[in-house]
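Read through the structure below, which is laid out as structure tokens, and then see the notes.
The values are calculated or read from the model by the stated rules, or taken from the named source; none is laboratory data. Quick caveat, the model's predicted, so the values are computed rather than measured. So basically every Cβ, Gly included, is an ideal-geometry build from the backbone, and we count neighbours across all protein chains shown.
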Amino acid sequence: MLIYGTNPIKEALRANRKIYELFYIENTHKDIRKEAQKKNIKLTVLRKDAMAKKFGETHQNIAANVEDYTFLSLKDALHKTEKKLYVMLDGITDPHNLGAVIRNVEAFGASGLIFPKHRSATINPTVVKVSSGAIEYVDLIQVTNLNQAIKTLKEENVWVVGTDLESSETLDDIHVDLDLCVVFGSEGSGMSRLVRENCDYLVKIPMQGNVNSLNISVSTGVVLHDISKRRRG
């Protein structure tokens, strides 16, 4: 898989992801090249026009061919012993949004990100770039069916909380001492009907402005911050 950008490459190196080849524009990123040489990674110099043609205009003068990102099964994720806080995405198709959510999941120490195999953005170079390297430290849990995943979570005593602007309950009503999975739907249509119905309860982010809608990455950040802050006491 091809990835690009300064932070994604640095974190891939730090996380010991398998890197097959590093591409860079001459006389740039000496520190990254030095680290790559220690790991015996192949280095290839590209001209600026060749780099842009291969990786677009936001490559930040460096890119790499790396081992594909893999997914953890929900079953294996649930075997981990720490207090659980998953984020589940329903209908998020924009890779920029997916990358930003991954960044939030890592920043607030959530247990992992659950998202469907179909009708969803998947892991690609844009997602990796927008995550700013956070993807190296997040459990990515791709499932075939969200409703079956919710059933599995409930069987393992994980409470599933949906986010819905029409709910009468707010973030304050989330019981943060329990294992949790918070579900976020698309900005346009929200959660699908079955996913909404299968949630244990629904909450909304209380807002005071005239526009009662937040970007998905902002919404996940607000909710995860609130839960992590309350769990810390």
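If the Cβ limit is 9 Å and pairs must be 6+ apart or interchain, which residue in the stretch 99-112 that is within 22 Å of HIS79 (Cβ to Cβ) and touching a residue at least 60 places away in the same chain (Cβ under 8 Å) pairs with which residue that is in a loop (DSSP other than H, G, I, E, B) and not acidic (Asp, Glu)?
So the pair list comes out as VAL105/SER111; VAL105/VAL138; ALA110/LYS84; ALA110/VAL138.
Hey, does the stretch 18-32 have a residue that's surrounded by fewer than 16 Cβ atoms within 10 Å (Cβ to Cβ) and β-branched (Val, Ile, Thr)? Let's see the steps before the verdict.
Step one: filter the stretch 18-32 for residues surrounded by fewer than 16 Cβ atoms within 10 Å (Cβ to Cβ), giving 18, 20-21, 26-28, 30-31.
If we keep only those that are β-branched (Val, Ile, Thr) as well, we get 28.
Yes, the conditions are met somewhere in the stretch 18-32.
For the stretch 131-145, how many residues are small (Gly, Ala, Ser) and in a loop (DSSP other than H, G, I, E, B)?
The qualifying residues number 2.
Quick one: would you say THR93 is surrounded by fewer than 19 Cβ atoms within 10 Å (Cβ to Cβ), within 25 Å of LEU22 (Cβ to Cβ) and either touching a strand residue (DSSP E or B) at 6+ places or on another chain (Cβ under 7 Å) or touching a residue at least 12 places away in the same chain (Cβ under 8 Å) (or both)?
no
Given the criterion over 21 Å from the mean Cα position of the chain (by Cα), of a type outside the set (D, E, K, R) and either part of a strand (DSSP E or B) or more than 19 Å from LYS83 (Cα to Cα) (or both), identify the matching residue among GLN148, GLN208.
GLN208
Among (1) exposed (fewer than 15 other Cβ atoms within 10 Å of the Cβ); (2) at positive phi, where does GLY190 come up short?
Of the numbered conditions (1) exposed (fewer than 15 other Cβ atoms within 10 Å of the Cβ); (2) at positive phi, the odd one out for GLY190 is (1).
What are the pairs, 6+ residues apart or on separate chains, where a residue within the stretch 120-144 that is in the same structural domain as HIS79 (by TED's automatic domain parsing) has its Cβ under 7 Å from a residue that is of a type in the set (Asp, Glu) and not in a helix (DSSP H, G or I)?
ALA121/ASP94
Within the stretch 193-233, restricting attention to residues that are among the aliphatic types (A, V, I, L, M) and more than 23 Å from GLU156 (Cβ to Cβ), which residue is surrounded by the most Cβ atoms within 10 Å (Cβ to Cβ)?
ILE216
How many residues does the stretch 41-98 hold that are closer than 22 Å to LYS117 by Cβ, among the aliphatic types (A, V, I, L, M), touching a helix residue (DSSP H, G or I) at 6+ places or on another chain (Cβ under 8 Å) and not in a loop (DSSP other than H, G, I, E, B)?
Residues flagged as closer than 22 Å to LYS117 by Cβ, among the aliphatic types (A, V, I, L, M), touching a helix residue (DSSP H, G or I) at 6+ places or on another chain (Cβ under 8 Å) and not in a loop (DSSP other than H, G, I, E, B) within the stretch 41-98 amount to 7.
Looking at the stretch 178-203, I want the residues that are closer than 17 Å to SER168 by Cβ and have a partner that is polar (S, T, N, Q) with Cβ atoms under 6 Å, at least 6 apart or on another chain. Which pairs are those?
If the second residue must be polar (S, T, N, Q), the pairs left are LEU202/SER167; VAL203/SER167; VAL203/THR170.
Check whether at least one residue in the stretch 129-148 is farther than 30 Å from GLY5 by Cα, surrounded by fewer than 17 Cβ atoms within 10 Å (Cβ to Cβ) and among the aromatic types (Phe, Trp, Tyr), and report yes or no.
No, there is no match, as no residue in the stretch 129-148 is farther than 30 Å from GLY5 by Cα, surrounded by fewer than 17 Cβ atoms within 10 Å (Cβ to Cβ) and among the aromatic types (Phe, Trp, Tyr).
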